[in-house]
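S.K.: Have a look at this one before I ask anything.
No value in this document is a laboratory result; all are computed from the given coordinates. This is a predicted model, so every value here is computed, not measured. So basically every Cβ, Gly included, is an ideal-geometry build from the backbone, and we count neighbours across all protein chains shown.
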Amino acid sequence: MKTPLTLKQNIVSWTAQLMAAVIMSQTLFFKFSGAEESVYIFETIGMEPWGRYATGVAEFIASVLLLIPKLSWIGAGLGVGLMSGAILMHLTLLGISVQDDHGYLFILALTTLLSCILVLYIRRAQVYSLNRLV
């Protein structure tokens, strides 16, 4: 039997869900419009243009799923994967600061990663209930 979230858990989860969804969705314009910084990033890691578009689509899907209560844990899991990749690229190929942004994109990726991890932790009962179905 699933235990409902407490009010505090619900507030923290929704705050983290909204934060992650807003951060990921705000970058979509730059990815899909071919903004100079996005093109530079994906050229540097050897994934331009297909990687930029694929990442944008995946971030869009994750953002939408984060806003659907029963599916938010899936969006958070997708967000963890995407942001782990972004952080790894920053640490290996791009550097913390990209085109003199003073680490802004890195901090956004880190914030999104931590928000998604928090959502997964709070909504872990939903993840466990899937395991019982399979």
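S.K.: Give A54, A35, A16 a once-over and let me know the one that is out of contact with any Pro (no Cβ under 7 Å at 6 or more places or on another chain) and under 19 Å from L114 (Cα atoms).
M.R.: A16
S.K.: Then there is this: Restricting to segment 13-29, name every residue that is crowded, with 17+ Cβ neighbours inside 10 Å and without any contact (Cβ under 8 Å) to a residue 12 or more places away in the chain.
M.R.: W14, the sole residue that qualifies.
S.K.: Quick one: which residue in E59, E43 is over 30 Å from R124 (Cβ atoms), of a type outside the set (S, T, Y) and in a helix (DSSP H, G or I)?
M.R.: E43
S.K.: Here's another thing I want to ask about it. Exactly one condition in (1) farther than 22 Å from I107 by Cα; (2) touching a residue at least 12 places away in the same chain (Cβ under 8 Å); (3) surrounded by 13 or more Cβ atoms within 10 Å (Cβ to Cβ) is not met by N10; state its number.
M.R.: It is condition (2) that N10 fails.
S.K.: Picking from L105, L65, which residue would you name as being touching a His at 6+ places or on another chain (Cβ under 9 Å) and of a type in the set (A, V, I, L, M)?
M.R.: L105
S.K.: Only one of these conditions is not met by V39: (1) more than 30 Å from L93 (Cα to Cα); (2) β-branched (V, I, T); (3) free of Cβ contacts under 8 Å to residues at least 40 places away in the same chain. Which number is it?
M.R.: The failed condition is (1).
S.K.: F42 is checked against (1) surrounded by fewer than 15 Cβ atoms within 10 Å (Cβ to Cβ); (2) more than 25 Å from A16 (Cα to Cα) and fails just one. What number does that condition carry?
M.R.: Just one mismatch for F42, condition (1).
S.K.: Kindly list the number of the only condition in (1) part of a helix (DSSP H, G or I); (2) in contact (Cβ under 8 Å) with a residue 40 or more places away in the chain; (3) out of contact with any Lys or Arg (no Cβ under 8 Å at 6 or more places or on another chain); (4) not hydrophobic (A, V, I, L, M, F, W, C) that fails for G81.
M.R.: (2)
S.K.: Of L110, L120, L65, L93, which residue is crowded, with 18+ Cβ neighbours inside 10 Å, out of contact with any Phe, Trp or Tyr (no Cβ under 8 Å at 6 or more places or on another chain) and in contact (Cβ under 8 Å) with a residue 12 or more places away in the chain?
M.R.: Exactly one residue qualifies, and that residue is L65.
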